[in-house]
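A quick write-up on the structure given underneath.
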């Protein structure tokens, strides 16, 4: 059976198990679908094709996590078109465009002058701290997950999201993690020291300490100083295309029951675990998820680019507990 037919069969089986409320069997089919998508990503002929496969992988990973932790929820039912008037996800994987032959390289451009005027606060902060932000690659039993992280200590400690380094198929944290600093392709081995599923946090330790060029990202000391309406930027690694800054505005400093920092930003798969900075260059939270819709009065209301982060006061609580429990020095 080819991958397309197998994908359709597994998708149909998943819908059947979801109708029955059988989260365990539905999750097994979702993990089998992920195997197909990981294989597609490895054989993808173009960057755009890999990006499409990555997007579907992030979708199905999120539903696998929900089925494991919460069971059959309305969000999963909506995604598979099992709630009336809700459009299901595509029942087939994305098709790939023909491979594009690259053009001949352009002639070398002249170097800019040594002193470059400021391009704005977003560009200045990105230039200052991009070497304190890392691209994370975690190996699981079925492939790799990609995300972002950042340096919090000269001792080689880093923060990222737990879901970036969690192996869904194995039901445990990944044992093989590697990071790359800034725009450098060189990888450095790391391991997970501690994690927290509630706040979606994971603390990593580099095996051989920080490289010379790395910088420590400063964390805000008093999170209560963060105000609604303030400008922020996220530095992330969307679709594993490289680090880039994403500007936004704070909507809520502690939203509703979740307590999340909520801000406007077009976050994408791969941006998970990235630091959120204020204008002073202080990290005020760690990016973790996107709010696609709200349920208000029984009606689904689509959101417009709302992104969620674990706020720094919650992070500091976990760091204090971890440093005491594991005798760590920040």
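For region 72-84, the candidate set comprises residues that are surrounded by fewer than 19 Cβ atoms within 10 Å (Cβ to Cβ) and touching a helix residue (DSSP H, G or I) at 6+ places or on another chain (Cβ under 9 Å); within that set, the residue that is farthest from residue 172 (Cα to Cα) is 83.
Within region 246-278, if we keep just the residues that are touching a residue at least 60 places away in the same chain (Cβ under 8 Å) and crowded, with 22+ Cβ neighbours inside 10 Å, the residue that is farthest from the chain's Cα centre (by Cα) turns out to be 277. Could you tell me whether any residue of region 188-207 is over 17 Å from residue 147 (Cβ atoms), crowded, with 17+ Cβ neighbours inside 10 Å and out of contact with any strand residue (DSSP E or B) (no Cβ under 6 Å at 6 or more places or on another chain)? Within region 188-207, not a single residue is over 17 Å from residue 147 (Cβ atoms), crowded, with 17+ Cβ neighbours inside 10 Å and out of contact with any strand residue (DSSP E or B) (no Cβ under 6 Å at 6 or more places or on another chain).
Would a scan of region 222-230 turn up a residue that is part of a strand (DSSP E or B), more than 22 Å from residue 54 (Cα to Cα) and assigned by TED's automatic domain parsing to the domain that holds residue 307? No. Scanning for something within 29 Å of residue 212 (Cβ to Cβ), surrounded by 14 or more Cβ atoms within 10 Å (Cβ to Cβ), under 19 Å from the mean Cα position of the chain (by Cα) and at pLDDT 95 or above, does region 168-178 turn up at least one residue? Checked against the condition, which is being within 29 Å of residue 212 (Cβ to Cβ), surrounded by 14 or more Cβ atoms within 10 Å (Cβ to Cβ), under 19 Å from the mean Cα position of the chain (by Cα) and at pLDDT 95 or above, region 168-178 yields at least one hit. Condition check for residue 221 on (1) in contact with a helix residue (DSSP H, G or I) (Cβ under 7 Å, 6 or more places away or on another chain); (2) closer than 27 Å to residue 260 by Cα: one failure, at (1). From the list 37, 31, the lone residue that is over 20 Å from residue 289 (Cα atoms) and at pLDDT below 85 is 37.
Within region 165-182, residues that are closer than 16 Å to residue 203 by Cα sit with their Cβ atoms under 8 Å from residues that are assigned to a loop (DSSP other than H, G, I, E, B) and modelled with pLDDT under 90, at 6+ positions apart or across chains, in these pairs: 167/140; 167/141; 174/140.
Going by the conditions given, is residue 148 closer than 30 Å to residue 66 by Cβ and either in contact with a strand residue (DSSP E or B) (Cβ under 7 Å, 6 or more places away or on another chain) or surrounded by 21 or more Cβ atoms within 10 Å (Cβ to Cβ) (or both)? Answer is yes for this residue.
Checked against the criterion of being assigned to a strand (DSSP E or B) and either out of contact with any strand residue (DSSP E or B) (no Cβ under 6 Å at 6 or more places or on another chain) or closer than 16 Å to residue 130 by Cα (or both), the candidates 185, 180 yield just one match: 180. Can you pull out the residues in region 19-71 that are in contact with a helix residue (DSSP H, G or I) (Cβ under 7 Å, 6 or more places away or on another chain) and either assigned by TED's automatic domain parsing to the domain that holds residue 289 or not in a helix (DSSP H, G or I) (or both)? Scanning region 19-71 gives 44, 71.
The values are calculated or read from the model by the stated rules, or taken from the named source; none is laboratory data. Treat the numbers as computed from the prediction; the structure is a model and nothing was measured. With ideal geometry, Cβ positions are generated from the backbone for all residues, glycine too; neighbour counts draw on all protein chains shown.
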